[in-house]
Amino acid sequence: MNKRSSFSIVLLLSALATIFGQSTPAPTPSPQQPQQQGATAEDDEVVRITANLVQVDAVVVDGKGNQVTDLASEDFEILEDDRPQKITNFSYVSTESARPTAAATPSPRDRNAPPVPPVRLRPEQVRRTMALVVDDLGLSFESAHFVRRTLRKFVDEQMQPADLVAIIRTGGGMGALQQFTSDKRQLYAAIERVRWNPQGRAGISAFATIGRDTDERGDDDSATSMPRSSNDLGNEMDQFREELFTVGTLGALNYIVRGLRELPGRKSVLLITDGFNIFSTPRAMAMNRVDVSRLDSGRNDRVFESLRRLTDLANRASVVIYTLDARGIQPLGLTAQDDVSDFSPDQLRAAESGRRNEFLESQSGPIYLARETGGFSIRNSNDLSGGIRRVLDDQKGYYLIGYRPAESTFDPKSGSRRFHNIKVKVKRAGLRVRSRNGFYGVVNDEARAVPRTRVAQLNSALVSPFNSNAIRLRLTSLFGNDPKAGSFVRSLLHVDGRDVTFTKEPDGWNKAVLDVLVITFGDNGTVVDQITNTYTVQVRGRTYERALKDGFIYTINLPVKKGGAYQLRAALRDASSERVGSASQFIEVPDINKNRLVLSGIVVSGIDPKAAATAATGGGNPAAAATTTANTRATTNTTTAAAAAPASASSAAPGGDAAAQGTAEESAGGTETEATPAIRRFRRGMVLQYDYVVFNARLDKTTSRPQLQTQLRLFRDGEPVFTGTLKPLETGNQADLKRLITGGALRLGADMTPGEYVLQVIVKDALAEARYGTATQWIDFEIVQ
């Protein structure tokens, strides 16, 4: 693929008038759990496994399922491998103050009205962090439909303004590891990608039809008179195939739990699945519920060991896993779709028994996973939304119970990694307790594998569902379209220069080596583009000082053939300190060819009126440009492109190389460097300039001119602070009326409160259909002191 990527020192863009990109609000910061009552800072770790302390969390409920919060340490008993332990640490952690109040019933509104931009939550505003994991590797066609409907209802009705949510698919690779967000547009896009996977382990419905010559996947099945309990070669291959996909499901959960591990407090994951089996062969079970204490008999070692490793990781990361069976209530007897006309009575009984046992055993894996991590399994209910509500209601609080383990728990001499079972009991009658059920005999520091190689560190940051802030990054993706080159996305990755390590070189040079990995994912988690670069950056003098103050910009140009939802993930590593930062950007690229009214993103920049007046009177310093160019050296050590794409977007995204961009701005008179499209920090009293492009405006048949109106809105913390009036859009002498370049300026008042704001542009087309007659776009910016 022909593409352009470059590193610019203290990027100064003043001439982006023809780029006009789309930029959603900056990536949501890594969420933090709310302040917990009754817990010290050390309790943020919740589950602690060291040579001196084993500490686990537990939830106690009464017969009605209500949490009990008034117990003392003497009300509990804790056992390790059936040996009683003396409780040395005990506390109750309440999160009731962090629970959001019920959302008010929304009032009816005009469906064609422009939406309110999403609010970027600050860490202290986060009240719940939820990972909803859809196991599309094991979801039937029928279940996928109900799961999408349930997730939409959750986002529409159950999600609170202070919630950070990720909807993640197990079958989409790391492209499906969506960042946690409060942006409902991004969540809706993730929900639309929840589809039945014909290559997964589930068929069209919850069960294969009995009596057909072929099963629902079209595979030959000669033993059609019996369900899959027969031991023919075909069923053995089916079993092996299901094992592989089950291990894939557990592997995806591993990625998610590892990302959650970096957050303080108690976290939760909800796995939505059609179930998975942890037995090596289906068995006739005459029980109505799975007894997970008897799993040593006939278990599948490959799946069971993956399951145990996952539960150990979740327990050390203080992650509670809940599971929701998407199949709901199922008729376990014969149905009208089954063809059993030639079955004998014994075959009928065997078929019914086999289906019942298959269903119960498919619930064994989710039940075990939930119980071992302190959660619960929701099954045999058609109210999937009610199941999600039960999980949300379970976040009231928890007990922390600790004891000092015996030396035999951790055996460094033999290197033993034996699994130790933990059982927490409550002595008060009528109460039930849920807790984590075990751990491997390894202390946390030894269990936490730290990636050491350059590639491993970058990949680890890239696949995490959270941004890594060891190096502070800010990502902005700009959508544009050129009549010849087509649609493209230009992405600007800003690097905080204070987080980069410079080493002293001869002649006053300061050197930093930076590794960059950028991957763009398209619909369904597929890789659209990948770039791996290592840069050696050398700066000195005034440029070095400004690099520390204003940072760096890494730019990527990506041609886009198909409209849709895209996700850009970037990771940057400082080679000297091995610190890593990551950022993720969600962007919706419109399909220009549909001939509907759409807007490009908004490019903003700032003008300091005082500096502009000085430049106008000859007070500028054009020589500064030469200084910047002479004091900057950036070289690329290695470049690898791992995806092919059409021709470069360079012709559609002008701007020159890094030095030319710096020269253009510096010679303009030394304006405020932070008020650029990539950083967007403004001081009060500055003028905010915004530019964008209107595509596909309808033309009046008589005048051959458009009839457009524009409006500007300004938001802070989700509340409007300024609403402009609707004004006609003046097209001037522009030749291409299908691509109208427009914009404006906004003077920031001297009394505006510092903080984060969102600028929204609304365009209305009087000649278009009502449902397609309004287009909107927004971008965030910050006002500093």
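The values are calculated or read from the model by the stated rules, or taken from the named source; none is laboratory data. If you're wondering where the values come from, they're calculated on a predicted model, not measured in any experiment. Counting neighbours? That spans all protein chains shown, and the Cβs are built from the backbone with ideal geometry, glycine included. For accessibility, only protein heavy atoms count, side chains too; no ligands or nucleic acids. Shrake-Rupley method; radii C 1.70, N 1.55, O 1.52, S 1.80 Å.
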Worksheet item: Only one of Gly541, Gly563, Gly497, Gly508 is touching a Pro at 6+ places or on another chain (Cβ under 8 Å) and of a type outside the set (A, V, I, L, M, F, W, C); which?
Response: Gly563
Worksheet item: How many residues, within the stretch 320-370, are touching a residue at least 40 places away in the same chain (Cβ under 8 Å) and not in a loop (DSSP other than H, G, I, E, B)?
Response: 25
Discussion item. Of everything in the stretch 759-769, what is under 17 Å from Leu726 (Cα atoms) and open to solvent by 40 Å² or more (accessible area, probe 1.4 Å)? Give them in sequence order.
Written reply: Lys764, Ala766, Leu767
Response to the item:
Matching residues in the stretch 473-499 (open to solvent by 10 Å² or more (accessible area, probe 1.4 Å) and more than 28 Å from Val560 (Cβ to Cβ)) number 3
Discussion item. Please go through the stretch 746-785 and give me each residue that is within 16 Å of Val119 (Cα to Cα) and acidic (Asp, Glu), ordered by number.
Written reply: Glu756, Asp780, Glu782
Worksheet item: Only one residue in Leu712, Leu729 is open to solvent by 10 Å² or more (accessible area, probe 1.4 Å) and within 19 Å of Arg596 (Cβ to Cβ). Which one?
Response: Leu729
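Please count how many residues of the stretch 153-166 are in contact with a helix residue (DSSP H, G or I) (Cβ under 7 Å, 6 or more places away or on another chain) and either of a type in the set (Phe, Trp, Tyr) or surrounded by 15 or more Cβ atoms within 10 Å (Cβ to Cβ) (or both).
The number of residues fulfilling the criteria is 5.
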Worksheet item: Since Ala512 meets every condition but one in (1) over 30 Å from Asp135 (Cα atoms); (2) in a loop (DSSP other than H, G, I, E, B), which condition does it not meet?
Response: (2)
Discussion item. I'd like to know if the stretch 590-597 contains one or more residues that are in a helix (DSSP H, G or I), of a type in the set (Val, Ile, Thr) and within 30 Å of Val694 (Cα to Cα).
Written reply: yes
Worksheet entry | the stretch 58-84, subset farther than 15 Å from Val426 by Cβ and modelled with pLDDT of 90 or more, residue least open to solvent (accessible area, probe 1.4 Å) | Glu80
Item to complete: Please find, among Gly354, Gly365, Gly328, Gly333, the residue that is touching a Pro at 6+ places or on another chain (Cβ under 6 Å) and within 22 Å of Ser205 (Cα to Cα).
Response: Gly354
Worksheet, complete the sentence: Residue set Gly581, Gly601, Gly606; condition open to solvent by less than 20 Å² (accessible area, probe 1.4 Å) and assigned to a loop (DSSP other than H, G, I, E, B); output residue Gly601
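Do we have Tyr554 as of a type in the set (Phe, Trp, Tyr), part of a strand (DSSP E or B) and over 22 Å from Val455 (Cα atoms) here?
The answer is no for Tyr554.
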Response to the item:
Of the residues in the stretch 736-758, those that are open to solvent by less than 20 Å² (accessible area, probe 1.4 Å) and closer than 27 Å to Gly486 by Cβ come to Leu740
Item to complete: Please find, within the stretch 336-351, the residue that is nearest to Ser205 (Cα to Cα) out of those that are buried (at least 17 other Cβ atoms within 10 Å of the Cβ) and over 45 Å from the mean Cα position of the chain (by Cα).
Response: Ala350
Practice prompt. Kindly indicate which of Gln35, Gln55, Gln22 is polar (S, T, N, Q), open to solvent by 30 Å² or more (accessible area, probe 1.4 Å) and either assigned to a loop (DSSP other than H, G, I, E, B) or at pLDDT 50 or above (or both).
Written response: Gln35
